[in-house]
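Chemist: One structure, as C-alpha cells, below. Some questions next.
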Ligand SMILES: [Ca+2]
C-alpha cells in the first residue's frame, strides 16, 4: 500500500545499496581458488558468510550465528572509501583506523539515522573483536584465505613471502580465539604445506 | 581441543566451501552500477543479502530475516553446475529445473549428510516460492537488477530489449508478492525511465 511507505527512508536506503555496489570493485591481495584473478571484497564477504554458516558448530558458546552473518555482511563496506589493508602488507594501523571510521560514518550515514547508527555499532563491535560474536566473525574472516591458499599453490603467502611463524601470529591467534577446532584442524595442514614448499614462502 | 573435532566432517565442509568458490566465476547478464563489467553470482548474492537486511521492514508478516539471509546466501550455488538462467533470456524451465536439482544434490551433497540435506531443503523452499520467507527472498532477488539498471543507463534491459510490460510480469509480480512497498516505490521510477528512453528498450 503506497500510502504507508516512508518514501524518503526507501530512497535513502536505495542510495546506500547503490553506493555499496562499489565493494565489487575493491580488489584484495588474495586470489580465487583457481588462481584466475584477485578476489574482490563483495564476493569475499559472501564466501566468509558461507564459511560461518557451515562452521557454526565451531563457534564458542554464546555465539549467535545471525548476528555473525550480519557482521560479516557489512564488515568490509568501509573499504569503499578506505581501501583494503592486506593482512600481510605494511599498514599504518592508526591511520587506517581513522580512515575506516570516517568511511563508516559516510557510508552507513547514507541510511536513515537509526539504521545507520545500528550498522556503525555492529561494525565497531566487529572491529573491537571482544564479544563472542565478533571473535567468531574475526576467526572466520581470517581462515578463508589460508584454506584457499592450500589449494591454489600458496597464493598471497608467495606474494608477501609469508612464513609459518607469521601465520601463527596473524591467523593462528585470531582463529584459535574464535574457532579453536578449525585451527587445530588447519595447523597441521599449514605445517605440511610449508615443509613441502620451502622455496615459495618466507 | 583437537580430540573433540570430527575431522571427517570438517574436511567435508571445507571441500564444499572450496567448491563453492567457483560461484565467483559465474557471470550474470547484469552489470555493475558503473557499467564496468558483468556481475558474478557470488557478489550478487552478497549484494541482495544487504538489500534484504536494509529492506527488512518491507517484508510481509511472519518473515524471519535470518532464514531469508541464509536462503539468499545459498540460492545461486546450483549455478556452479547448472549455469545462470538470465531472467530475460530464453530458457527451457523444465530442463533447467532438472539440472539445478542435480546440481543441488552434488554440491550440497559434499557436506555431511544432515547438513547437506538441510541446505537442499532450504534451496527447494526458495525455489518453490510459497512460504513467507521465500516470497520475500524472491522479491529481493528480483529487485536488485532494476535498481541498478535505473542508475547504469538500462543495463540488461537494453541487451534483452525488455519492455515495461515485461518488467511488470517478470519483476512486478514477484516483487509485489514479497515486498509490495518496494514495488510501489519502484514502479513510477521504471515508468519514467521507459518514457524517457523509448529507443533503448523493447
Ligand atoms: Ca539468481
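Chemist: Given only helices, namely DSSP H runs of n ≥ 4 each adding -39500 (n - 2.57), what is the per-residue ellipticity at 222 nm of chain B, to the nearest 500 deg cm²/dmol?
Modeler: -19000 deg cm²/dmol
Chemist: Additional query: How many nanometers, to one decimal and shortest first, lie between the label point of residue A:196 and those of its other copies, if labels sit 7 Å from Cα toward Cβ?
Modeler: Residue A:196 label point versus its equivalents elsewhere: 5.8 nm.
Chemist: Rounded to whole Å and ordered largest first, report the semi-axes of the equivalent ellipsoid of the protein assembly as shown derived from its Cα gyration tensor (root of 5λ). Each step should come with its number before you reach the end.
Modeler: On the way: eigenvalues 253, 112, 84 Å².
Working from the Cα gyration tensor, I get semi-axes of 36, 24, 21 Å.
Chemist: Peptide B:67-77: average number of partner chain Cβ atoms within 10 Å per residue?
Modeler: Across B:67-77, the average partner-chain Cβ count within 10 Å equals 3.
Chemist: Fewest first, what order do B:177, A:195 take by the number of other Cβ atoms within 10 Å?
Modeler: Ranked by crowding around the Cβ, least crowded first: A:195, B:177.
Chemist: What ratio of Cα Rg to 2.2 N^0.38 Å holds for region B:1-95?
Modeler: Its radius of gyration relative to the 2.2 N^0.38 Å reference: 1.36.
Chemist: Roughly what angle does helix A:180-196 make with the longest principal axis of chain A, taking Cα atoms, 0 to 90 degrees, to the nearest 10?
Modeler: With rounding to tens, the tilt is 50 degrees.
Chemist: Same structure, new question: Neighbour counts of other C-beta atoms within 10 Å: give me B:66, A:133, B:12, A:113 arranged from fewest to most.
Modeler: Placing the least packed residue first, the sequence is A:113, B:66, B:12, A:133.
Chemist: Measuring nothing but label to label, 7 Å from Cα along Cα→Cβ, what are residue A:151's distances to the other copies in nm, shortest first?
Modeler: 3.3
Chemist: Hey, in the GNM for chain A with a 10 angstrom Cα cutoff, which one of A:44, A:88, A:75 fluctuates hardest?
Modeler: Its mean-square fluctuation being the largest, the pick is A:88.
Chemist: Related question: What is the mean number of Cβ atoms from other protein chains located within 10 Å of the Cβ atom of each residue in peptide A:15-28, rounded to a whole number?
Modeler: Counting other chains' Cβ atoms within 10 Å and averaging over A:15-28 gives 5.
Chemist: Measure out, as a whole number of angstrom, how far apart the alpha-carbon centroids of region A:124-151 and region B:115-186 sit.
Modeler: 31 Å
Chemist: What is region B:2-196's relative contact order, in percent, from Cα pairs under 8 angstrom and six or more apart in sequence?
Modeler: 24 percent
Chemist: Can you pull the mean other chain C-beta count within 10 Å for peptide A:38-45? Don't skip to the answer; put the middle values down first.
Modeler: On the way: counts 0, 4, 5, 2, 11, 13, 4, 7.
Counting other chains' Cβ atoms within 10 Å and averaging over A:38-45 gives 6.
Chemist: Once the label point is placed 7 Å from Cα along Cβ, list for residue B:132 the distances to the corresponding points in the other copies, in nm, shortest first.
Modeler: When each copy's label point is compared with this one, the spacings are 2.8 nm.
Chemist: If region A:71-182 were replaced by its equivalent ellipsoid, with semi-axes equal to the square roots of 5 times the Cα gyration tensor eigenvalues, what would those be, largest first, whole Å? Intermediate values should be presented prior to the final figure.
Modeler: Numbers: eigenvalues 149, 55, 28 Å².
Output for region A:71-182: semi-axes of 27, 17, 12 Å.
Chemist: log10 I(q)/I(0), Debye, Cα-only region B:135-202, no solvent, q = 0.21 Å⁻¹?
Modeler: Log10 of I(q)/I(0), two decimals: -0.81.
Chemist: A follow-up question, please. Which of A:46, A:185, A:123 moves the most in a Gaussian network model of chain A with Cα springs under 10 Å?
Modeler: Result: A:185 has the largest fluctuation of those listed.
Chemist: How would you rank A:143, B:91, going from fewest to most other Cβ atoms within 10 Å of each one's own Cβ?
Modeler: Listed from fewest to most nearby Cβ atoms, that is B:91, A:143.
Chemist: With a bin width of 5 angstrom, please list the P(r) values of region B:2-196 as percents of all Cα-Cα pairs, from the 0 bin to the one holding the largest distance.
Modeler: Bin by bin from 0 Å, the calculated values are 1, 7, 15, 18, 20, 16, 11, 5, 3, 2, 1, 0, 0, 0.
Each value in this text was obtained by applying a stated rule to the coordinates, not by laboratory testing. Keep in mind it's a predicted model, so treat the numbers as computed, not measured. A quick note on method: Cβ atoms are made from the backbone with ideal geometry, for glycine too, and the neighbour counts reach across all protein chains shown.
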